[in-house]
Amino acid sequence: MSDSSDKDAGPGATRDDATARMADQARRGAEQMRDAFNEHVVDPARRAGEAMRASGERIAQNGSALGSTIIDQAEANAREAFAALRSAAGARDLTEVMRIQGDYLRQQGQRSMEQAREIGQLIMQFGREAIHPAGKTERDETDDG
């Protein structure tokens, strides 16, 4: 009887070893799959989320800067308009009123062009920053891809 139990122990032991090796291989395979999933899916998704968050913050900052610039320009325009009104109110005759009004309109036209140019430059700067975030150049983007 003991001979037959020894024979049974031999193949069972090798079967247990094979099962353990297969379980070990399956575990390593699962770890490799998890690492590959993290590297190719989770990490890029995390980086994309961080980039979107940073982009959202830049958009908010840019919108705030643009709004402040527009308010500053409107304030300057109002100041100039009231200065022209004060001058016109103190004019001695209609000819002087017409000259003050003409000067104001000419200056306002120049101011409007300068202000439009300033707003256009801000918008172009914001666009460049959106395409090439701070610290990242075209070469960096080519290297990433």
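The values are calculated or read from the model by the stated rules, or taken from the named source; none is laboratory data. Every value quoted in this text rests on a predicted model; they were computed, and no experiment measured them. Because the Cβ atoms are built from the backbone with ideal geometry, glycine has one as well, and the counts that use them run over all protein chains shown. In case anyone asks, the SASA skips ligands and DNA or RNA and just uses the protein heavy atoms, side chains included. Shrake-Rupley method; radii C 1.70, N 1.55, O 1.52, S 1.80 Å.
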Open item on the list: Regarding the stretch 37-48, can at least one residue be identified that is in contact with a helix residue (DSSP H, G or I) (Cβ under 9 Å, 6 or more places away or on another chain), open to solvent by less than 90 Å² (accessible area, probe 1.4 Å) and in a helix (DSSP H, G or I)?
Closed with: no
- [ ] From the list Arg15, Arg46, Arg58, Arg111, pick out the single residue that is within 30 Å of Ala130 (Cβ to Cβ) and modelled with pLDDT under 85.
- [x] Arg58
TODO: Take the stretch 49-73 and flag every residue that is under 15 Å from Gln121 (Cα atoms) and among the hydrophobic types (A, V, I, L, M, F, W, C).
DONE: Ala65, Leu66, Ile70
Task: Single condition Asn77 does not satisfy, out of (1) open to solvent by less than 60 Å² (accessible area, probe 1.4 Å); (2) out of contact with any helix residue (DSSP H, G or I) (no Cβ under 6 Å at 6 or more places or on another chain); (3) modelled with pLDDT under 95; (4) among the polar types (S, T, N, Q) - done: (3)
- [ ] State yes or no: is Ser64 open to solvent by less than 100 Å² (accessible area, probe 1.4 Å) and modelled with pLDDT under 80?
- [x] no
Task: Subset of the stretch 80-127 [of a type in the set (Lys, Arg) and either touching a Leu at 6+ places or on another chain (Cβ under 7 Å) or surrounded by 13 or more Cβ atoms within 10 Å (Cβ to Cβ) (or both)] - done: Arg99, Arg111
